[in-house]
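The values are calculated or read from the model by the stated rules, or taken from the named source; none is laboratory data. Note that the structure is predicted; figures quoted are calculated from it, not measured. Backbone-built Cβ (ideal geometry, glycine too); neighbour counts: all protein chains shown.
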Amino acid sequence: MSGTCIMGAMREDRAPVRWNKRFIYPKSQRSLIQGKRHYDIQSNTHSLIKKKLLNPGQPWGKNASTEIIISDIHKKRIFRTIPVRNFQGMTKAFIKVQTGCDEKCSFCTVVKARGKSVSDTRENIIYNIQQAVTSGFKEITLTGINLGTWGRDRNETFSSLVRDIVELPGDFRVRLSSINPMEIDSDLIRLIAETEKLCSHLHIPLQSGDDETLKTMHRNYNRSQYLEVVQRAITAIPGLGLGADVIVGFPGETEEGFENTRKLIEQLPFSYLHVFSYSPRRGTEAYQLKDDVPGNLKKQRNQNLTQLANHKAFKLRENFLRQQEIVLIENQRDKKSGWLKGHTGNYIPVIVEGSDSLKNNLVPVALQRVSEHQVTGCVQ
């Protein structure tokens, strides 16, 4: 069903409409399932519910037993996440602290699909992290649809939440997922710079380095503002791992506009980039714009930035050779070499020789050799 959100490890308390396992629901609610509005669907059986939404006439099956909760995401609601205790062989627990978004990016459907920004409570987040640490997770990644806006609906700040988290006892570290540039304040930069438990890594979406394109995208910053935020971060945080998302071939992107993006990327010490070629998405404002950048030119621009990013990544990793870094050894070995693999706090991919006893541990590693995709190290 187009526009429906299947909810996983979370709970949202919002006076829901409840359906039984036969998928019988009030006649007045039938329009909801026909895609006229966007709704959240909650269930403990993802594939079963998804199948039923797409094929409402088919039976549930002999042993099927579940409850479906449906409610309007555009109405005021309370967001709560469920504690993470088992991630099936994963070494990192992803704690969603916020959902929804108040921005109006012209290429994005998140507001329609997830509604406005709403935050989990500080107390519930702390409890979930304590449960994850007790369960043995060594890295906690804070996630959200628009992560840095956590607390805005509660008159609280994201940096104050992060401070409380890193002050928790235990052998673990904290990583931030993608955070928009205008949500990065001086307190957050100071915390990353001064707190050993907080990874020296920021993923700051760029999308474009051209002001005209950013304006058409309805991003809430310009080139100069992005540059100022990143420069403050790299000045304050030694060895910062910096990543970004970039869209090439957005409607109206001229050769000059693309060059502005390329030059900005060249100027900043990115350790990796996620480069996407624009494609129209129904239901967005940008869908109404003329997709005027030819496909072959989008591909060329994508390759140009990808090659630039790979070159920058290689050079930056060379700067860390002969240094010792703390690496979280993951549960899955590197497929090509068979060695153990993991990431440093600043998100450098590392492989090392060693026994399985090192898995899911934070270990000191001397970085010795750079290859195209990773660094080879030696456990100390």
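Tallying residues that are surrounded by 21 or more Cβ atoms within 10 Å (Cβ to Cβ), touching an Asp or Glu at 6+ places or on another chain (Cβ under 9 Å) and over 17 Å from SER200 (Cβ atoms) within region 315-340 yields 1. A single entry from VAL350, VAL370, VAL365, VAL379 fulfils the requirement of being in contact with a His (Cβ under 8 Å, 6 or more places away or on another chain) and β-branched (Val, Ile, Thr): VAL350. When the test is whether a residue is touching a residue at least 24 places away in the same chain (Cβ under 8 Å), in a loop (DSSP other than H, G, I, E, B) and either on the phi > 0 side of the Ramachandran plot or not assigned by TED's automatic domain parsing to the domain that holds ARG163 (or both), GLY209 does not pass it. Please pick out the residue among ASN346, ASN331 that is within 19 Å of PRO269 (Cβ to Cβ) and not aliphatic (A, V, I, L, M). Selected residue: ASN346, the only one of ASN346, ASN331 that is within 19 Å of PRO269 (Cβ to Cβ) and not aliphatic (A, V, I, L, M). A single entry from GLY257, GLY249 fulfils the requirement of being closer than 23 Å to GLN288 by Cβ, in contact with an Asp or Glu (Cβ under 7 Å, 6 or more places away or on another chain) and in the same structural domain as ASP291 (by TED's automatic domain parsing): GLY257. Kindly indicate whether ASN302 is touching a Phe, Trp or Tyr at 6+ places or on another chain (Cβ under 8 Å) and at pLDDT 95 or above. For ASN302, the condition - touching a Phe, Trp or Tyr at 6+ places or on another chain (Cβ under 8 Å) and at pLDDT 95 or above - is met. Do we have LEU202 as over 25 Å from VAL166 (Cα atoms) and either in contact (Cβ under 8 Å) with a residue 12 or more places away in the chain or part of a helix (DSSP H, G or I) (or both) here? Judged against the criteria, LEU202 is not a match.
For region 95-116, the set of residues classified as assigned to a strand (DSSP E or B) and either free of Cβ contacts under 8 Å to residues at least 60 places away in the same chain or surrounded by fewer than 16 Cβ atoms within 10 Å (Cβ to Cβ) (or both) consists of ILE95, GLN98, listed by residue number. Can you name every residue in region 192-210 that is over 17 Å from PHE270 (Cα atoms) and surrounded by fewer than 20 Cβ atoms within 10 Å (Cβ to Cβ)? The answer is ALA193, GLU194, THR195, GLU196, LYS197. Filtering region 178-199 to residues that are without any contact (Cβ under 8 Å) to a residue 40 or more places away in the chain, assigned to a loop (DSSP other than H, G, I, E, B) and within 19 Å of TRP150 (Cα to Cα) leaves ILE179, ASP185. Residues in region 123-146 that are surrounded by fewer than 20 Cβ atoms within 10 Å (Cβ to Cβ) and part of a helix (DSSP H, G or I): GLU123, ASN124, ILE126, TYR127, GLN130, GLN131, VAL133, THR134.
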